[in-house]
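The values are calculated or read from the model by the stated rules, or taken from the named source; none is laboratory data. This structure is a prediction, so every number in the text was calculated from the model and none was measured. For neighbour counting, all protein chains shown are included, and Cβ atoms are generated from backbone atoms with ideal geometry for every residue, glycine included. When the accessible area is computed, the model is the full protein with side chains, heavy atoms only, and any ligands, DNA or RNA have been set aside. Shrake-Rupley method; radii C 1.70, N 1.55, O 1.52, S 1.80 Å.
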Amino acid sequence: MKAKIVVNLHYFIGDIDNRIYGSFIEHVGRAVYGGIYEPTHSTADENGFRQDVMEMVKQIGVPIIRYPGGNFLSGYNWMDGIGDKAKRPQRLDLAWRAIETNQVGIDEFQEWAKRVGSQVMMAVNLGTGTPQEAQNLVEYCNSNTGTYYAELRKKNGFEDPFAIKTWCLGNEMDGDWQIGHKTAEEYGRIAQETAKLMKWVDPSIELVVCGSSDYRRKTFGEWELTVLEHTYDYVDYVSLHQYYGNKMKNTADFLGKSVHMDSFIKSVVAICDAVKAKKHSKKTINLSFDEWNVWFHTHGESYEDWQVAPAILEDIYTFEDALLVGCMLMTLQNNCDRVKMACLAQLVNVIAPIMTENNGRTWAQTIFYPYMYASVYGKGRVVKPIVDCGAYETSDGLVVPYLETSVILNQDERQLIVFAVNRSLEEDMMLDFTAQGCDGLQLKKHIELYCDDLKATNSADKQVVAPCEKEITDVLSLRKHSWNMLIYKY
Ligand code: AHR
(Lines give C-alpha, C1' and ligand atoms only; values in the text may rest on other atoms or scores of the structure.)
Protein backbone atom coordinates (compact mmCIF):
# COMPACT_ATOMS: atom_id res chain seq x y z
CA MET A 1 0.00 0.00 0.00
CA LYS A 2 1.16 3.54 -0.75
CA ALA A 3 0.51 6.80 1.06
CA LYS A 4 1.59 10.38 0.51
CA ILE A 5 1.82 13.33 2.91
CA VAL A 6 2.37 16.85 1.57
CA VAL A 7 2.93 19.81 3.88
CA ASN A 8 3.79 23.42 3.24
CA LEU A 9 5.37 25.22 6.19
CA HIS A 10 3.18 28.27 5.56
CA TYR A 11 -0.04 26.32 5.99
CA PHE A 12 -0.44 25.47 9.63
CA ILE A 13 -3.18 24.59 12.09
CA GLY A 14 -1.75 26.30 15.14
CA ASP A 15 0.92 26.33 17.81
CA ILE A 16 0.73 23.55 20.35
CA ASP A 17 -0.07 24.48 23.90
CA ASN A 18 2.10 21.91 25.72
CA ARG A 19 -0.69 21.42 28.22
CA ILE A 20 -2.34 19.04 25.72
CA TYR A 21 0.12 16.48 27.11
CA GLY A 22 -1.36 16.75 30.59
CA SER A 23 -2.55 13.88 32.76
CA PHE A 24 -4.70 13.14 35.76
CA ILE A 25 -4.28 11.85 39.32
CA GLU A 26 -7.49 11.04 41.15
CA HIS A 27 -7.97 9.69 44.64
CA VAL A 28 -9.06 6.31 43.31
CA GLY A 29 -7.56 2.85 43.53
CA ARG A 30 -3.77 2.91 43.86
CA ALA A 31 -3.22 6.16 41.95
CA VAL A 32 -2.25 8.13 45.06
CA TYR A 33 -1.69 5.55 47.81
CA GLY A 34 0.71 2.92 46.48
CA GLY A 35 1.16 4.97 43.32
CA ILE A 36 2.73 8.39 43.76
CA TYR A 37 2.75 8.12 47.59
CA GLU A 38 4.12 5.22 49.59
CA PRO A 39 6.18 6.29 52.63
CA THR A 40 7.35 2.69 53.21
CA HIS A 41 8.83 2.34 49.72
CA SER A 42 12.62 2.13 49.44
CA THR A 43 12.70 5.16 47.11
CA ALA A 44 10.31 7.34 49.18
CA ASP A 45 11.49 10.90 49.77
CA GLU A 46 11.03 12.84 53.02
CA ASN A 47 7.38 13.51 52.03
CA GLY A 48 6.61 9.86 51.34
CA PHE A 49 6.63 10.22 47.54
CA ARG A 50 8.07 7.41 45.47
CA GLN A 51 11.04 8.76 43.55
CA ASP A 52 11.00 5.85 41.09
CA VAL A 53 7.51 6.98 40.04
CA MET A 54 8.63 10.61 39.90
CA GLU A 55 11.42 9.64 37.52
CA MET A 56 8.96 8.01 35.13
CA VAL A 57 6.64 11.01 35.26
CA LYS A 58 9.61 13.27 34.51
CA GLN A 59 10.61 11.05 31.61
CA ILE A 60 7.24 11.81 30.00
CA GLY A 61 7.43 15.50 30.94
CA VAL A 62 3.82 15.98 32.01
CA PRO A 63 3.09 19.73 31.89
CA ILE A 64 -0.15 19.77 33.90
CA ILE A 65 -1.94 17.28 36.14
CA ARG A 66 -5.63 17.38 37.05
CA TYR A 67 -6.39 16.70 40.73
CA PRO A 68 -8.08 15.35 42.95
CA GLY A 69 -10.81 13.85 40.71
CA GLY A 70 -12.82 12.60 38.93
CA ASN A 71 -15.88 11.11 40.53
CA PHE A 72 -14.10 11.29 43.89
CA LEU A 73 -14.13 15.08 43.72
CA SER A 74 -17.91 15.38 43.93
CA GLY A 75 -18.02 14.20 47.57
CA TYR A 76 -14.66 15.63 48.68
CA ASN A 77 -14.07 18.27 51.33
CA TRP A 78 -10.67 19.83 50.59
CA MET A 79 -10.32 20.87 54.25
CA ASP A 80 -9.94 17.16 55.16
CA GLY A 81 -6.64 17.01 53.28
CA ILE A 82 -4.68 19.91 54.83
CA GLY A 83 -2.64 20.52 57.98
CA ASP A 84 -1.47 17.99 60.56
CA LYS A 85 -1.66 14.52 58.99
CA ALA A 86 -2.34 12.86 62.35
CA LYS A 87 -5.53 14.90 62.74
CA ARG A 88 -6.95 14.28 59.26
CA PRO A 89 -10.22 12.34 59.20
CA GLN A 90 -10.76 9.04 57.44
CA ARG A 91 -13.85 9.30 55.23
CA LEU A 92 -16.11 7.14 53.16
CA ASP A 93 -15.50 7.77 49.48
CA LEU A 94 -18.96 7.09 48.06
CA ALA A 95 -17.83 7.46 44.45
CA TRP A 96 -15.53 4.44 44.55
CA ARG A 97 -16.89 2.79 47.74
CA ALA A 98 -13.46 3.01 49.35
CA ILE A 99 -11.90 4.55 52.47
CA GLU A 100 -10.03 7.82 52.02
CA THR A 101 -7.32 8.38 54.62
CA ASN A 102 -6.59 11.98 53.55
CA GLN A 103 -2.86 11.50 54.07
CA VAL A 104 -2.41 13.29 50.76
CA GLY A 105 -4.26 16.53 50.02
CA ILE A 106 -3.51 19.73 48.19
CA ASP A 107 -0.63 20.58 50.60
CA GLU A 108 1.25 17.47 49.51
CA PHE A 109 0.05 17.21 45.94
CA GLN A 110 1.18 20.69 44.88
CA GLU A 111 4.61 19.89 46.35
CA TRP A 112 4.77 16.61 44.40
CA ALA A 113 3.68 18.37 41.21
CA LYS A 114 6.47 20.92 41.64
CA ARG A 115 9.01 18.13 42.05
CA VAL A 116 7.96 16.44 38.81
CA GLY A 117 7.85 19.77 36.97
CA SER A 118 4.07 19.91 36.45
CA GLN A 119 1.42 22.54 37.00
CA VAL A 120 -1.68 21.57 38.98
CA MET A 121 -5.10 21.67 37.33
CA MET A 122 -7.17 21.89 40.50
CA ALA A 123 -10.83 20.91 40.61
CA VAL A 124 -13.51 22.19 42.98
CA ASN A 125 -16.38 20.05 44.25
CA LEU A 126 -19.69 21.11 42.74
CA GLY A 127 -21.48 17.86 43.66
CA THR A 128 -21.88 18.34 47.42
CA GLY A 129 -19.67 21.44 47.56
CA THR A 130 -20.69 25.09 47.63
CA PRO A 131 -19.49 28.21 45.80
CA GLN A 132 -18.10 29.45 49.12
CA GLU A 133 -15.99 26.32 49.69
CA ALA A 134 -14.54 26.82 46.23
CA GLN A 135 -13.86 30.48 47.00
CA ASN A 136 -12.08 29.48 50.22
CA LEU A 137 -9.94 26.94 48.39
CA VAL A 138 -8.76 29.58 45.91
CA GLU A 139 -7.91 31.85 48.84
CA TYR A 140 -6.03 29.00 50.58
CA CYS A 141 -4.02 28.18 47.45
CA ASN A 142 -3.42 31.54 45.82
CA SER A 143 -3.83 34.45 48.24
CA ASN A 144 -1.52 36.51 50.38
CA THR A 145 -4.22 38.71 51.86
CA GLY A 146 -3.61 38.06 55.57
CA THR A 147 -7.13 36.60 55.75
CA TYR A 148 -8.25 33.33 57.35
CA TYR A 149 -7.55 30.78 54.59
CA ALA A 150 -4.41 32.50 53.30
CA GLU A 151 -3.07 32.48 56.87
CA LEU A 152 -4.15 28.88 57.36
CA ARG A 153 -1.90 27.88 54.45
CA LYS A 154 0.99 29.69 56.10
CA LYS A 155 0.24 28.02 59.41
CA ASN A 156 0.39 24.68 57.60
CA GLY A 157 3.93 25.48 56.49
CA PHE A 158 3.48 27.13 53.10
CA GLU A 159 4.54 30.76 53.19
CA ASP A 160 4.27 31.23 49.43
CA PRO A 161 0.98 30.80 47.60
CA PHE A 162 0.70 27.68 45.45
CA ALA A 163 -0.20 29.93 42.47
CA ILE A 164 -2.54 27.43 40.83
CA LYS A 165 -3.67 28.93 37.55
CA THR A 166 -6.12 26.40 36.13
CA TRP A 167 -9.32 25.27 37.88
CA CYS A 168 -12.13 22.89 36.94
CA LEU A 169 -15.69 23.67 38.03
CA GLY A 170 -16.71 20.20 39.20
CA ASN A 171 -16.51 16.89 37.36
CA GLU A 172 -18.88 15.18 34.91
CA MET A 173 -21.92 16.90 36.35
CA ASP A 174 -24.03 15.59 33.42
CA GLY A 175 -23.67 12.00 34.65
CA ASP A 176 -26.30 10.41 36.89
CA TRP A 177 -23.53 8.35 38.59
CA GLN A 178 -22.04 11.58 39.86
CA ILE A 179 -22.50 12.53 43.52
CA GLY A 180 -24.71 15.63 43.35
CA HIS A 181 -25.51 15.16 39.62
CA LYS A 182 -27.33 18.15 38.16
CA THR A 183 -29.41 19.14 35.17
CA ALA A 184 -27.70 21.49 32.72
CA GLU A 185 -29.77 24.37 34.07
CA GLU A 186 -28.87 23.59 37.72
CA TYR A 187 -25.19 23.11 36.91
CA GLY A 188 -25.00 26.18 34.66
CA ARG A 189 -26.29 28.36 37.50
CA ILE A 190 -24.01 27.02 40.25
CA ALA A 191 -21.01 27.02 37.90
CA GLN A 192 -21.63 30.65 37.03
CA GLU A 193 -21.92 31.75 40.67
CA THR A 194 -18.89 29.68 41.70
CA ALA A 195 -16.83 31.08 38.83
CA LYS A 196 -17.67 34.64 39.92
CA LEU A 197 -16.51 34.09 43.49
CA MET A 198 -13.35 32.25 42.47
CA LYS A 199 -12.30 34.94 40.02
CA TRP A 200 -13.15 37.69 42.50
CA VAL A 201 -10.61 36.12 44.86
CA ASP A 202 -8.00 35.68 42.12
CA PRO A 203 -8.75 37.30 38.75
CA SER A 204 -5.70 35.67 37.17
CA ILE A 205 -7.08 32.12 37.29
CA GLU A 206 -8.53 30.25 34.31
CA LEU A 207 -11.70 28.19 34.62
CA VAL A 208 -12.89 25.03 32.91
CA VAL A 209 -16.63 24.35 32.89
CA CYS A 210 -17.94 20.79 32.56
CA GLY A 211 -19.04 19.71 29.12
CA SER A 212 -20.27 16.18 28.43
CA SER A 213 -18.72 13.09 29.96
CA ASP A 214 -19.23 11.17 26.71
CA TYR A 215 -20.12 12.27 23.17
CA ARG A 216 -22.68 9.46 23.02
CA ARG A 217 -24.77 10.75 25.93
CA LYS A 218 -28.32 11.77 25.08
CA THR A 219 -27.79 15.17 26.67
CA PHE A 220 -24.69 15.97 24.57
CA GLY A 221 -25.08 19.26 22.73
CA GLU A 222 -28.05 20.51 24.71
CA TRP A 223 -25.88 20.26 27.84
CA GLU A 224 -23.07 22.41 26.40
CA LEU A 225 -25.50 24.98 24.97
CA THR A 226 -27.35 25.45 28.26
CA VAL A 227 -24.23 25.45 30.44
CA LEU A 228 -22.46 27.96 28.19
CA GLU A 229 -25.57 30.17 28.07
CA HIS A 230 -25.04 30.66 31.81
CA THR A 231 -21.25 30.64 32.04
CA TYR A 232 -19.85 31.99 28.76
CA ASP A 233 -18.67 35.30 30.21
CA TYR A 234 -17.13 33.70 33.30
CA VAL A 235 -15.17 30.69 32.04
CA ASP A 236 -12.28 30.07 29.65
CA TYR A 237 -12.61 26.44 28.57
CA VAL A 238 -15.24 23.76 28.26
CA SER A 239 -14.27 20.18 29.08
CA LEU A 240 -14.65 17.00 27.01
CA HIS A 241 -14.27 13.46 28.34
CA GLN A 242 -14.09 10.32 26.22
CA TYR A 243 -12.91 6.75 26.70
CA TYR A 244 -12.89 4.03 24.05
CA GLY A 245 -12.72 0.26 24.20
CA ASN A 246 -12.60 -2.82 22.02
CA LYS A 247 -15.23 -4.97 23.69
CA MET A 248 -16.47 -6.24 20.34
CA LYS A 249 -12.95 -7.44 19.49
CA ASN A 250 -12.98 -5.56 16.19
CA THR A 251 -9.54 -3.96 15.88
CA ALA A 252 -10.27 -2.07 12.64
CA ASP A 253 -13.30 -0.40 14.26
CA PHE A 254 -11.34 0.25 17.43
CA LEU A 255 -8.45 1.97 15.63
CA GLY A 256 -10.97 4.22 13.90
CA LYS A 257 -12.14 5.73 17.21
CA SER A 258 -9.82 8.71 16.90
CA VAL A 259 -11.89 9.82 13.88
CA HIS A 260 -14.86 9.80 16.23
CA MET A 261 -12.81 11.85 18.74
CA ASP A 262 -12.06 14.38 16.01
CA SER A 263 -15.74 14.89 15.27
CA PHE A 264 -16.48 15.23 19.00
CA ILE A 265 -13.94 18.05 19.19
CA LYS A 266 -15.28 19.78 16.09
CA SER A 267 -18.85 19.53 17.38
CA VAL A 268 -17.92 21.17 20.70
CA VAL A 269 -16.02 23.92 18.85
CA ALA A 270 -19.16 24.55 16.77
CA ILE A 271 -21.31 24.79 19.91
CA CYS A 272 -18.90 27.20 21.63
CA ASP A 273 -18.85 29.40 18.55
CA ALA A 274 -22.63 29.28 18.18
CA VAL A 275 -23.01 30.59 21.73
CA LYS A 276 -20.34 33.21 21.01
CA ALA A 277 -22.30 34.41 17.96
CA LYS A 278 -25.60 34.39 19.83
CA LYS A 279 -24.12 36.45 22.64
CA HIS A 280 -22.31 38.82 20.24
CA SER A 281 -19.23 38.05 22.29
CA LYS A 282 -15.66 38.84 21.34
CA LYS A 283 -14.36 36.09 23.59
CA THR A 284 -13.54 32.61 22.30
CA ILE A 285 -14.00 29.57 24.52
CA ASN A 286 -11.36 26.89 23.98
CA LEU A 287 -11.40 23.19 24.83
CA SER A 288 -9.93 21.17 27.67
CA PHE A 289 -10.08 17.47 26.76
CA ASP A 290 -9.38 16.65 30.36
CA GLU A 291 -10.16 12.92 30.42
CA TRP A 292 -9.31 10.67 27.50
CA ASN A 293 -7.90 7.18 27.10
CA VAL A 294 -8.69 3.58 26.32
CA TRP A 295 -10.66 2.10 29.19
CA PHE A 296 -12.59 -1.16 29.06
CA HIS A 297 -10.42 -4.05 30.24
CA THR A 298 -11.60 -3.67 33.85
CA HIS A 299 -15.19 -2.69 33.12
CA GLY A 300 -17.56 -4.65 35.33
CA GLU A 301 -14.84 -5.79 37.76
CA SER A 302 -16.07 -6.46 41.29
CA TYR A 303 -14.21 -5.62 44.45
CA GLU A 304 -14.77 -5.44 48.17
CA ASP A 305 -16.26 -2.22 49.55
CA TRP A 306 -14.53 0.11 52.00
CA GLN A 307 -10.89 -0.76 51.49
CA VAL A 308 -8.01 1.72 51.50
CA ALA A 309 -6.47 1.98 48.00
CA PRO A 310 -8.03 -1.11 46.42
CA ALA A 311 -6.33 -2.25 43.22
CA ILE A 312 -9.13 -1.18 40.88
CA LEU A 313 -9.31 0.12 37.29
CA GLU A 314 -5.88 -1.34 36.63
CA ASP A 315 -6.36 -1.96 32.92
CA ILE A 316 -3.43 -3.82 31.41
CA TYR A 317 -2.98 -2.28 27.99
CA THR A 318 -2.36 -4.18 24.80
CA PHE A 319 -0.27 -3.15 21.82
CA GLU A 320 -3.41 -2.18 19.87
CA ASP A 321 -4.43 0.11 22.75
CA ALA A 322 -1.11 1.91 22.29
CA LEU A 323 -1.88 2.36 18.58
CA LEU A 324 -5.20 4.03 19.38
CA VAL A 325 -3.62 6.21 22.10
CA GLY A 326 -1.04 7.27 19.48
CA CYS A 327 -3.85 8.17 17.04
CA MET A 328 -5.75 10.08 19.73
CA LEU A 329 -2.65 12.15 20.51
CA MET A 330 -2.39 13.06 16.81
CA THR A 331 -6.05 14.07 16.87
CA LEU A 332 -5.34 16.41 19.79
CA GLN A 333 -2.31 17.86 17.98
CA ASN A 334 -4.30 18.38 14.78
CA ASN A 335 -6.92 20.31 16.76
CA CYS A 336 -4.40 22.45 18.63
CA ASP A 337 -6.01 25.65 17.40
CA ARG A 338 -8.86 25.00 19.86
CA VAL A 339 -7.77 22.21 22.22
CA LYS A 340 -5.44 23.94 24.64
CA MET A 341 -5.37 21.35 27.42
CA ALA A 342 -5.89 17.61 27.58
CA CYS A 343 -5.35 14.98 30.26
CA LEU A 344 -4.55 11.36 29.61
CA ALA A 345 -6.67 9.69 32.29
CA GLN A 346 -4.94 8.67 34.36
CA LEU A 347 -1.21 8.68 35.17
CA VAL A 348 -0.32 5.99 37.72
CA ASN A 349 -1.91 2.53 38.25
CA VAL A 350 -5.49 3.57 37.45
CA ILE A 351 -6.03 3.27 33.64
CA ALA A 352 -2.47 4.49 33.44
CA PRO A 353 0.78 4.44 31.46
CA ILE A 354 2.84 4.00 34.66
CA MET A 355 2.33 1.00 36.93
CA THR A 356 3.74 0.16 40.34
CA GLU A 357 3.99 -2.83 42.62
CA ASN A 358 3.25 -2.07 46.27
CA ASN A 359 6.67 -1.60 47.84
CA GLY A 360 8.20 -2.90 44.60
CA ARG A 361 8.99 -2.08 41.00
CA THR A 362 7.57 0.38 38.48
CA TRP A 363 6.95 -0.47 34.85
CA ALA A 364 5.75 1.10 31.61
CA GLN A 365 2.52 0.02 29.95
CA THR A 366 2.31 -0.12 26.14
CA ILE A 367 0.57 3.29 26.07
CA PHE A 368 3.48 4.91 27.90
CA TYR A 369 5.51 5.11 24.68
CA PRO A 370 3.29 7.05 22.25
CA TYR A 371 2.43 9.38 25.13
CA MET A 372 6.05 9.97 26.10
CA TYR A 373 7.22 10.59 22.52
CA ALA A 374 4.35 12.98 21.79
CA SER A 375 5.03 14.95 24.96
CA VAL A 376 8.79 15.14 24.49
CA TYR A 377 8.94 15.71 20.71
CA GLY A 378 5.50 17.07 19.81
CA LYS A 379 6.27 20.70 20.56
CA GLY A 380 5.98 23.61 18.17
CA ARG A 381 3.70 24.40 15.25
CA VAL A 382 1.32 21.86 13.77
CA VAL A 383 1.35 22.12 9.98
CA LYS A 384 -1.60 20.94 7.94
CA PRO A 385 -0.91 17.56 6.37
CA ILE A 386 -2.55 16.84 3.01
CA VAL A 387 -2.84 13.07 3.07
CA ASP A 388 -3.41 10.82 0.12
CA CYS A 389 -4.05 7.23 1.23
CA GLY A 390 -6.66 4.51 1.15
CA ALA A 391 -9.50 4.28 3.68
CA TYR A 392 -11.84 1.68 5.11
CA GLU A 393 -15.33 1.80 6.57
CA THR A 394 -16.07 0.71 10.13
CA SER A 395 -19.14 -1.34 11.06
CA ASP A 396 -20.91 1.86 12.14
CA GLY A 397 -20.21 3.61 8.83
CA LEU A 398 -17.21 5.76 9.78
CA VAL A 399 -14.68 6.31 6.99
CA VAL A 400 -11.19 5.85 8.43
CA PRO A 401 -7.95 6.58 6.55
CA TYR A 402 -5.30 3.87 6.81
CA LEU A 403 -2.77 6.53 7.71
CA GLU A 404 -3.21 8.71 10.79
CA THR A 405 -0.63 11.46 10.97
CA SER A 406 0.37 14.78 12.47
CA VAL A 407 3.30 16.94 11.39
CA ILE A 408 4.98 19.33 13.79
CA LEU A 409 7.43 22.04 12.90
CA ASN A 410 10.12 22.82 15.43
CA GLN A 411 11.68 25.96 13.99
CA ASP A 412 14.41 26.27 16.63
CA GLU A 413 15.77 22.81 15.86
CA ARG A 414 14.99 23.09 12.11
CA GLN A 415 13.06 19.86 12.44
CA LEU A 416 9.81 18.40 11.20
CA ILE A 417 8.44 15.66 13.43
CA VAL A 418 5.98 13.31 11.79
CA PHE A 419 3.86 11.01 13.93
CA ALA A 420 2.21 8.25 11.92
CA VAL A 421 0.12 5.14 12.52
CA ASN A 422 -0.44 2.64 9.74
CA ARG A 423 -3.88 1.26 10.62
CA SER A 424 -3.77 -1.51 8.07
CA LEU A 425 -3.81 -4.89 9.77
CA GLU A 426 -2.38 -6.63 6.71
CA GLU A 427 -0.14 -4.39 4.66
CA ASP A 428 2.98 -2.32 5.13
CA MET A 429 2.77 1.23 3.80
CA MET A 430 5.30 2.94 1.51
CA LEU A 431 5.28 6.54 2.62
CA ASP A 432 6.20 9.50 0.46
CA PHE A 433 6.68 12.67 2.53
CA THR A 434 7.03 16.06 0.84
CA ALA A 435 7.58 19.32 2.70
CA GLN A 436 7.23 22.31 0.40
CA GLY A 437 9.53 25.16 1.33
CA CYS A 438 12.08 22.93 3.09
CA ASP A 439 15.41 22.71 1.32
CA GLY A 440 17.61 19.72 1.97
CA LEU A 441 15.04 17.78 3.97
CA GLN A 442 16.55 14.60 5.40
CA LEU A 443 15.10 11.84 7.52
CA LYS A 444 17.35 11.58 10.58
CA LYS A 445 15.51 9.29 12.94
CA HIS A 446 12.76 6.70 12.73
CA ILE A 447 11.33 5.32 15.97
CA GLU A 448 8.86 2.47 15.64
CA LEU A 449 6.48 0.80 18.06
CA TYR A 450 5.54 -2.54 16.60
CA CYS A 451 4.49 -5.96 17.75
CA ASP A 452 3.21 -8.81 15.66
CA ASP A 453 0.70 -9.67 18.37
CA LEU A 454 -1.89 -6.91 18.69
CA LYS A 455 -2.89 -8.23 22.11
CA ALA A 456 0.65 -8.24 23.55
CA THR A 457 1.04 -6.55 26.94
CA ASN A 458 3.90 -5.42 29.17
CA SER A 459 4.54 -6.32 32.80
CA ALA A 460 7.05 -5.62 35.55
CA ASP A 461 9.06 -8.59 34.27
CA LYS A 462 8.95 -8.00 30.55
CA GLN A 463 8.68 -5.06 28.15
CA VAL A 464 7.23 -6.99 25.22
CA VAL A 465 6.03 -3.78 23.57
CA ALA A 466 8.83 -1.24 23.45
CA PRO A 467 10.05 1.23 20.83
CA CYS A 468 13.03 0.60 18.62
CA GLU A 469 15.09 2.80 16.33
CA LYS A 470 14.92 1.73 12.69
CA GLU A 471 17.67 1.89 10.16
CA ILE A 472 17.10 4.66 7.62
CA THR A 473 16.92 3.38 4.04
CA ASP A 474 15.97 4.95 0.68
CA VAL A 475 12.41 3.71 0.85
CA LEU A 476 10.38 4.68 3.87
CA SER A 477 8.07 1.91 4.96
CA LEU A 478 5.60 1.92 7.86
CA ARG A 479 4.92 -1.60 8.98
CA LYS A 480 1.35 -2.92 9.15
CA HIS A 481 -0.32 -1.85 12.43
CA SER A 482 2.63 0.21 13.66
CA TRP A 483 3.12 3.55 15.40
CA ASN A 484 6.03 5.67 14.14
CA MET A 485 7.87 8.89 14.83
CA LEU A 486 10.00 10.34 12.03
CA ILE A 487 12.38 13.22 12.61
CA TYR A 488 13.35 15.21 9.53
CA LYS A 489 16.02 17.92 9.55
CA TYR A 490 16.11 20.74 7.03
O1 AHR B 1 -11.00 8.35 35.24
C2 AHR B 1 -11.93 7.51 35.87
C3 AHR B 1 -13.29 8.16 35.99
O4 AHR B 1 -13.85 8.35 34.72
C5 AHR B 1 -13.31 9.53 36.61
O6 AHR B 1 -13.37 9.49 37.99
C7 AHR B 1 -14.58 10.12 36.06
O8 AHR B 1 -14.50 11.51 35.92
C9 AHR B 1 -14.78 9.41 34.74
O10 AHR B 1 -16.05 8.91 34.62
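Note on the stretch 38-106: the alpha carbon radius of gyration divided by the globular reference 2.2 N^0.38 Å gives 1.26. Reducing the stretch 53-72 and the stretch 427-490 to their Cα centroids gives an inter-centroid distance of 27 Å.
Counting only DSSP beta bridges with both residues in the stretch 285-422, the antiparallel share comes to about 75 percent.
Rounded to the nearest 500, the 222 nm mean residue ellipticity of the chain from helices alone is -7500 deg cm²/dmol, with -39,500 (n - 2.57) taken per DSSP H run of at least 4 residues. In this structure the chain gives 38 Å² per residue of accessible area when probed at 1.4 Å with all protein chains present.
Counting Lys and Arg as +1 and Asp and Glu as -1 over every other residue whose Cβ lies under 11 Å from the Cβ of Gly326, the net charge comes to -2.
For the chain, the antiparallel share of DSSP beta bridges with both residues in that region comes to about 55%.
A 1.4 Å probe over all protein chains sorts His10, His299 by accessible area into His10, His299, starting with the largest. Among Met430, Met328, the sequence by solvent-accessible area, most first, with a 1.4 Å probe is Met430, Met328.
The alpha carbon convex hull volume per residue for the stretch 121-228 rounds to 97 Å³.
Percent of Cα pairs in the stretch 182-296 per distance bin of 5 Å, from zero to the largest separation: 2, 11, 21, 21, 18, 11, 8, 5, 2, 1, 0. Put one equal scatterer on each alpha carbon of the chain, apply the Debye formula with no solvent term, and list log10 I(q)/I(0) at q = 0.07 1/Å to two decimals. Values returned for q = 0.07 Å⁻¹ are -0.36.
Cα-Cα over 18 Å: which of Lys165/Lys282; Lys444/Lys489; Lys384/Lys480; Lys58/Lys85; Lys182/Lys247; Lys58/Lys257? Those over the limit are Lys165/Lys282; Lys384/Lys480; Lys58/Lys85; Lys182/Lys247; Lys58/Lys257.
Sorting the segments 60-73, 220-233 by their mean number of nearby beta carbons within 10 angstrom, highest to lowest, gives 60-73, 220-233. For the chain, what % of the accessible area comes from carbon and sulfur atoms, probe 1.4 Å? Exposed carbon and sulfur together represent 49 percent of the surface.
Applying a DSSP loop filter and a limit of 11 other Cβ atoms within 10 Å to the trypsin sites (Lys or Arg not before Pro) in the stretch 4-61 leaves nothing.
For Glu133, neighbours were defined as the other residues whose beta-carbon sits under 13 Å from its Cβ, and their charges (Lys and Arg +1, Asp and Glu -1) total -3. In summary, the stretch 18-155 shows an alpha-carbon radius of gyration equal to 1.03 times the 2.2 N^0.38 Å reference for compact globular proteins.
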